[in-house]
Each structure stands twice: as structure tokens, then as C-alpha cells.
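The values are calculated or read from the model by the stated rules, or taken from the named source; none is laboratory data. All of these numbers come straight from a predicted model, not from anything done at the bench. All Cβ positions, even for glycine, are placed from backbone atoms using ideal geometry, and neighbour counts span all protein chains on display.
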Amino acid sequence: MKLKVLGSGSSGNCYLLQNGNETLMLECGLPYKTILKGLNFNLNNVVGCLISHEHKDHSKAISDIIKAGIDIYTTEGTAIACAALEYRVKHIKSEEQFKLNNFTVLPFETEHDAVEPLGFLIQHNDLGKLLFITDSYYCQYKFNGLNHIMIECNYSKSILDKNIKNGLMHPALANRLLKSHFSLDHVKEFLKANDLSKCREIILIHLSDSNSNAAEFKEEIERLTGIPVYIANKGLELELELFKE
């Protein structure tokens, strides 16, 4: 199983989980042509697209994805907010597990300034357990036996405070960040609260362009966990071989 990052950050998010037979898309917040190119123009084995919430950097291409014949899986609240009422939009609910071919997906509630946002616990025989959580300032759940973690690490409080002081960040926007996104400290606390005994790698996603430091974040999380950390930054395409423990 491979993870392919087509985009990560406020300019657009889209991630692909792929083996030789099937592809699961996480988010579609990039132009459709960019996503199509990332799929090597092959839609035949795409089993579906999970969308965490309605903000455009996560759902921009939803209409085109539907027109291409790919089913969307998201909450009813998100679907309504995206004005996506077509039959290919399948409504899912927190803590109600479902199957997509050989993928098993367990959605769970997240905390964000959106209508009905979700994170996803994804399982597959070629993958083990992968946790995907983005755009949330808190997670009420704990997880066991995770093999791979994709988690937002949007900002550092110290960098944010410095940008406010220097007039580079408006206090109102900073306040929104504090109430809607994972900081470096949030990520650390989350990781300490969860079972990492089988975790092979941590992928930090959705870093802020101006309020983050990728090298610092990587170093601090690796020091804390002893687990390899990868950065999925803006404009980066990253391929990782993912193996079940």
C-alpha cells in the first residue's frame, strides 16, 4: 500500500491510499485536473472519496469527482454545506463503521468550525490501521494498535504569538486558529495519550504556511515518540510504502 500526497495545507488537500487494485481518496480540495493527474488519469480502481468537512481546501473538486462517477462519503451536514445532493453522495455518521471494497472505515467526530466534521480510522489487510485526523483542535477519542498516523500539525503557539506581535497575523484570525486547528502542542498531547507501540510512521499534514516550522515539528515529534516523522507540506508529492505490522 502506498500513500500519495497530492496537496496538504490551506491551498488544498488530497491524499491517495493505493495498491495495485484499488485507490481510496482522502479529501478532494484541489483542482480536478490536479487530482486526475495524481491518479495517472486512471479512475477505474477508485473505490470512493472520503471528505472530512465542507471547507473548500478539502472539498473543492467534489462536483467534478461526482461527475467522474466516484462516490463521495461524508456526513449529511457536510453534503448539504457543499450543496452536494446527488445520489453518489453517501451519508456516513460518527462511530458507524462501513466498508469500501477491502477498506474498512470508522468515522469519528472532530472539533472544527464546520457543520459536521469527521476524522477517519482506516483499515486494510495491506495497511493495518491508519488514523487520519485533520482540521481539529481536540480529539475526544483514544486509539489502540495504530500502524500509521496522519495528523494535522498546523501551527506553533510561539510562532503564532510572534507573528501577532509583529503585525503579521491579525488577532481575529489567530483566535480562529486556536479554536479550529491542531497545534504542535496539541499533537504532542494527543500522541502521548494514544497507543503508539505498533506505529511505524507519523505523517504531519496541513502545516500553516506562516505559523509552522517543518524541521522543528519533525524533530520534536521524533524526539517525543522515537518514530519516523514525515512532513506532507504544501505542493509536495510524497510516496511512502506502508506495511502492516
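Determine the pairs where a residue that is closer than 11 Å to C49 by Cα and without any contact (Cβ under 8 Å) to a residue 60 or more places away in the chain, located within the stretch 14-38, has a partner that is part of a helix (DSSP H, G or I) and among the hydrophobic types (A, V, I, L, M, F, W, C) with Cβ atoms under 7 Å apart, the partner being 6 or more residues away or on another chain.
Filtered contacts from the stretch 14-38: C14/I35; C28/I35; C28/I62; C28/I65.
Does any residue of the stretch 222-236 turn out to be at pLDDT 95 or above and either small (G, A, S) or touching a Pro at 6+ places or on another chain (Cβ under 8 Å) (or both)?
Taking every residue of the stretch 222-236 in turn, at least one turns out to be at pLDDT 95 or above and either small (G, A, S) or touching a Pro at 6+ places or on another chain (Cβ under 8 Å) (or both).
Yes/no matrix, rows are residues, columns are (1) among the hydrophobic types (A, V, I, L, M, F, W, C); (2) touching a Leu at 6+ places or on another chain (Cβ under 6 Å); (3) crowded, with 18+ Cβ neighbours inside 10 Å:
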{"residue": "I164", "(1), (2), (3)": "yes, no, no"}
{"residue": "L178", "(1), (2), (3)": "yes, no, no"}
{"residue": "L184", "(1), (2), (3)": "yes, no, yes"}
{"residue": "V187", "(1), (2), (3)": "yes, no, yes"}
{"residue": "F190", "(1), (2), (3)": "yes, no, yes"}
{"residue": "K198", "(1), (2), (3)": "no, no, no"}
{"residue": "I203", "(1), (2), (3)": "yes, no, yes"}
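Scan the stretch 212-223 and give yes if some residue there is under 18 Å from the mean Cα position of the chain (by Cα), buried (at least 18 other Cβ atoms within 10 Å of the Cβ) and in a loop (DSSP other than H, G, I, E, B), otherwise no.
Scanning the stretch 212-223 turns up at least one residue that is under 18 Å from the mean Cα position of the chain (by Cα), buried (at least 18 other Cβ atoms within 10 Å of the Cβ) and in a loop (DSSP other than H, G, I, E, B).
Can you find a residue that is surrounded by 14 or more Cβ atoms within 10 Å (Cβ to Cβ), free of Cβ contacts under 8 Å to residues at least 40 places away in the same chain and within 19 Å of I122 (Cα to Cα) anywhere in the stretch 141-150?
yes
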